Every structure is written in structure tokens, then in C-alpha cells.
Amino acid sequence: MKFIKTDSYAKLSRIAANIIFAQIINKPDCVLGLATGSSPVGTYKELIELYKNGDLDFSKVKSINLDEYAGLDGANDQSYRYFMNKNLFESVNIDINNTYVPNGKAADLEAEGKAYDQRIVDFGGIDLQLLGIGLDGHIGFNEPDCCFTKETHVVELDESTIKANARFFESEADVPRKAITMGMGGIMSAKKILLIANGANKKEILEKAFYGPITPEVPASILQLHSDVTVIYSEN
Ligand code: GLP
């Protein structure tokens, strides 16, 4: 594991964007696993700048996102599909048909999960998976549990996750209680993992995840078993 500590969110975002930049330069038709939440917003802004400067071409890139709230469709401004469109896809030359976010409105979310995993297989795997980390150690929406779940699946969100994510909604009551998330199989199958964490409140969970025991009670701890993980952390 490579651990990069920076002293600002701006630097964290630049370094993360540079790693993604290198991935696209090395393999223009790569598969990027993308994440939502507040942490990647700066990284996406940097990628948009690189694109606008003519340094980056997304035309052959495919992307697959980690998760989506159950019950929200892509037009809903709280959905992760909407987030991705607004924060990245609409500002670069990626083919929107090559971008995938689980369909939170699917009538059969289990079937949606199976199709999602099949898509990852059909892609030939994810080249680079970007991750944030929740305060309870969740990655994607893989919440602390008694076991690691391999497949893309439906989850009940933890109270702490609902509280943490309420800042993006009008009220806590509006936060969906369920979500569909890529499982640990999809995440761990990525060739490279890039996890970004910003803020002093993430320090304790990072320590647990990367220096504590590997346990489904701290979902991100499974990343200790991956051979190519870069963590970028800024306390400020
Ligand atoms: C959500 C997302 C996660 C993300 C987490 C942390 O729960 N499902 O993928 O890592 O939030 O978000 P933030 O970066 O805003 O702290």
C-alpha cells in the first residue's frame, strides 16, 4: 500500500487526478471505477481542467460507478447518476453510453445487481477504482456487516451513513434508507485502487482500515489484501 499524506484538499485532488490522468494516457480505452460523495469532487474538477487544456481524451474511456440510492432515478438531483453527470460526464468528452451507474429504480434490484457484475466481467475488469471512505469504514455502500458481500447487492444504510449523507438532502428524512452497491468482488477485482480521504474526522477510520484487523466490521479493511492500493489523505 502506498500512503500519500498531503496538507490540503487541493493537493489531494491534484495528485488523484494525476493518477487517473496517467491511467488514461497509458490505456486510452481503460475502465474507470468511479465514486461519489464530497471527496472526489475536486479530483473531477482537476480532470475537467486537464480535458479543457487538451491534455486528456475521454472518448474511449468506459466508467462504472460504485453505487446508487434505491428508488432514485437519474433525473433526481440527489441521485448518484445526476451527481456524475453534473460533476464530470457533462464536462468532458466521455460517451455517456459508456458510463454506468446502477439503476436505483430497477423493478428488480437483484437482477440489476447481477447484470452489473456481468458488465464488469464483459468489460474485462476495472483498471482503476476510485474510492472514498465512509466514517464507519464503508466503501461504495458496503456497510459494516458480519461478512463481506462479493456481488453487487442491495443494502440497508447505517444510521451513521444516513446522518452523514443528510447534508446533501433537504432533511435527514429524505435520505433513502436503501441503496444498491458494487460488492467487494467487483471492487477487489480492480487492477488498481485509489482511495481518497479528506478531513481530520477520517483519520481514525483510515487507521482502523489500513492498520487494524481485516474484518467486515470495517469494510475498507479488505483493501489490505489488494496488491495495488494508493491512499491519499489530507487532514485539512
Ligand atoms: C457515500 C458514498 C461513498 C463515499 C462516502 C464518503 O456514502 N456511497 O462511496 O465514499 O459517501 O463520502 P464523503 O467523500 O462525502 O465523505
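Scanning the stretch 105-142 for residues being on the phi < 0 side of the Ramachandran plot and within 12 Å of the ligand (Cβ to nearest atom) gives a total of 12.
The condition (being within 18 Å of ILE187 (Cβ to Cβ), surrounded by fewer than 19 Cβ atoms within 10 Å (Cβ to Cβ) and in contact (Cβ under 8 Å) with a residue 12 or more places away in the chain) is satisfied by just one residue among VAL154, VAL121: VAL154.
Residue check: GLU207 meets all listed conditions (1) without any contact (Cβ under 8 Å) to a residue 60 or more places away in the chain; (2) within 13 Å of the ligand (Cβ to nearest atom) but one, namely (2). Restricting attention to the stretch 200-217, the residues being among the β-branched types (Val, Ile, Thr) and within 19 Å of SER39 (Cα to Cα) number 1.
Exactly one residue out of THR161, THR230, THR149, THR215 is out of contact with any Pro (no Cβ under 7 Å at 6 or more places or on another chain), assigned to a helix (DSSP H, G or I) and hydroxyl-bearing (Ser, Thr, Tyr): that is THR161. Across the stretch 173-186, the qualifying residues are those that are surrounded by fewer than 18 Cβ atoms within 10 Å (Cβ to Cβ) and within 14 Å of the ligand (Cβ to nearest atom), and the one among them that is farthest from HIS226 (Cα to Cα) is ARG177. When ALA197, ALA164 are checked against the criterion of being within 18 Å of the chain's Cα centre (by Cα), within 13 Å of the ligand (Cβ to nearest atom) and under 29 Å from ALA106 (Cα atoms), ALA164 stands alone in meeting it.
Of everything listed in (1) buried (at least 19 other Cβ atoms within 10 Å of the Cβ); (2) in contact (Cβ under 8 Å) with a residue 60 or more places away in the chain; (3) within 16 Å of the ligand (Cβ to nearest atom), the single unmet condition for GLN78 is (1).
Readers should treat all values here as calculations from the given coordinates under stated rules, not as data from a laboratory. Note that the coordinates shown come from a computational prediction; the quantities given were computed from them, not determined experimentally. Don't worry about glycine lacking a Cβ; one is built from the backbone with ideal geometry, like all the others, and counts go over all protein chains shown.
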